[in-house]
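K.L.:
Following this message is one structure expressed as structure tokens.
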Ligand SMILES: C[S@@+](CC[C@H](N)C(=O)[O-])C[C@H]1O[C@@H](n2cnc3c(N)ncnc32)[C@H](O)[C@@H]1O
């Protein structure tokens, strides 16, 4: 490619994360830019200049969002490279540069690199089980509602949510893990995210001094995560290997994981039984009445209730939340017998 536009990933932490391919590409460019506003790296313009052996121009948000056409035009007869923190295409805006370049026949090249979107695997949470990723905006730049919506949608499907925490590198403003958690807890009417929710706070993944901390939202919100960049994960349903990783690698207390397992089993049971009850209530058809009921029919039902009681006692002895379901069945059958006037008792 003698002229054209290259997006070159720097990687997660500093110029040391550049791949050999990225280095070669940057060195072969006539003009090299560094997009420094979608992420924060532990590097400097002078480090980049000395590594690439040429001048590197820093791009601000307005240079790329309003002035992208100018840069793409230059790429018609020059080889232009734009260095981007992390992977160059994980910031939502940059694919539009490629689209614009293609539209006017400018050749393009993409050099991929390490990214926060894959580095979160270091938590032990499976990348295959993440749902939609969202960004928590700075308080004057947007609402927390879309973040809550994404977390709730993901949780409904048992999926984890990665929440990127907005930054404004130029003015040195960052949403911290504590800011994000407090805003989520305050605004979540559905209380999916509360003080007790298990969360994972992250800072500087891929840097020498990175931090991953797992615990209850109320504790993680008070923790000092040091220098930015920050991110937050609200885990969904956990596989036992994920639980083990959170415990062994990141010190998540075992009791917290156990409590959560029981709560999530209860949630699963409720949604399973609620949907079948809803269907039956909507579909059931009344039989022609009156109907003769023999005492054996009532006794059969009483035995049915007795078996549910036995099940409940067994499940309770092995600490299974299904105990609650079985005992509710038993109670429901006894109530039905009483309401139909077939037995007498008081609760
Ligand atoms: C717009 S995204 C850009 C992602 C970048 N292109 C990448 O592939 O990693 C920037 C957000 O990602 C998160 N982030 C980026 N690098 C991070 C890191 N090393 N550790 C923790 N979070 C990071 C922060 O929430 C930051 O606000």
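The values are calculated or read from the model by the stated rules, or taken from the named source; none is laboratory data. Bear in mind that the values here come from a model prediction, so they are computed numbers and not experimental data. Because the Cβ atoms are built from the backbone with ideal geometry, glycine has one as well, and the counts that use them run over all protein chains shown.
K.L.:
Out of curiosity, is residue 267 surrounded by 14 or more Cβ atoms within 10 Å (Cβ to Cβ) and either under 30 Å from residue 213 (Cβ atoms) or more than 22 Å from the chain's Cα centre (by Cα) (or both)?
P.N.:
The answer is yes for residue 267.
K.L.:
Additional query: If you go through segment 173-195 one residue at a time, do you hit one that is closer than 23 Å to residue 15 by Cα and either near the ligand (Cβ under 10 Å from one of its atoms) or modelled with pLDDT under 95 (or both)?
P.N.:
For segment 173-195, residues closer than 23 Å to residue 15 by Cα and either near the ligand (Cβ under 10 Å from one of its atoms) or modelled with pLDDT under 95 (or both): present.
K.L.:
Could you say which residue among 32, 18, 59 is outside the structural domain of residue 164 (by TED's automatic domain parsing), farther than 18 Å from residue 207 by Cα and within 16 Å of the ligand (Cβ to nearest atom)?
P.N.:
That would be 59, the only listed residue that is outside the structural domain of residue 164 (by TED's automatic domain parsing), farther than 18 Å from residue 207 by Cα and within 16 Å of the ligand (Cβ to nearest atom).
K.L.:
If residue 228 satisfies every condition in (1) in contact with a helix residue (DSSP H, G or I) (Cβ under 8 Å, 6 or more places away or on another chain); (2) farther than 24 Å from residue 318 by Cα; (3) buried (at least 19 other Cβ atoms within 10 Å of the Cβ) but one, which is the exception?
P.N.:
All conditions are met except number (1).
K.L.:
Then there's this: When you go through 97, 51 one by one, which is the residue that is over 26 Å from the mean Cα position of the chain (by Cα), assigned to a helix (DSSP H, G or I), in the same structural domain as residue 12 (by TED's automatic domain parsing) and within 16 Å of the ligand (Cβ to nearest atom)? Even if it seems obvious, please write down each step before you answer.
P.N.:
Working: 51 fails: within 16 Å of the ligand (Cβ to nearest atom).
Of 97, 51, the one residue that is over 26 Å from the mean Cα position of the chain (by Cα), assigned to a helix (DSSP H, G or I), in the same structural domain as residue 12 (by TED's automatic domain parsing) and within 16 Å of the ligand (Cβ to nearest atom) is 97.
K.L.:
Now a separate question. Can you pull out every residue in segment 64-86 that is out of contact with any helix residue (DSSP H, G or I) (no Cβ under 7 Å at 6 or more places or on another chain) and not in a helix (DSSP H, G or I)?
P.N.:
66, 67, 76, 77, 78, 79, 82, 84, 85
K.L.:
Can you name the number of the only condition in (1) more than 15 Å from the chain's Cα centre (by Cα); (2) in a loop (DSSP other than H, G, I, E, B) that residue 183 fails?
P.N.:
The failed condition is (2).
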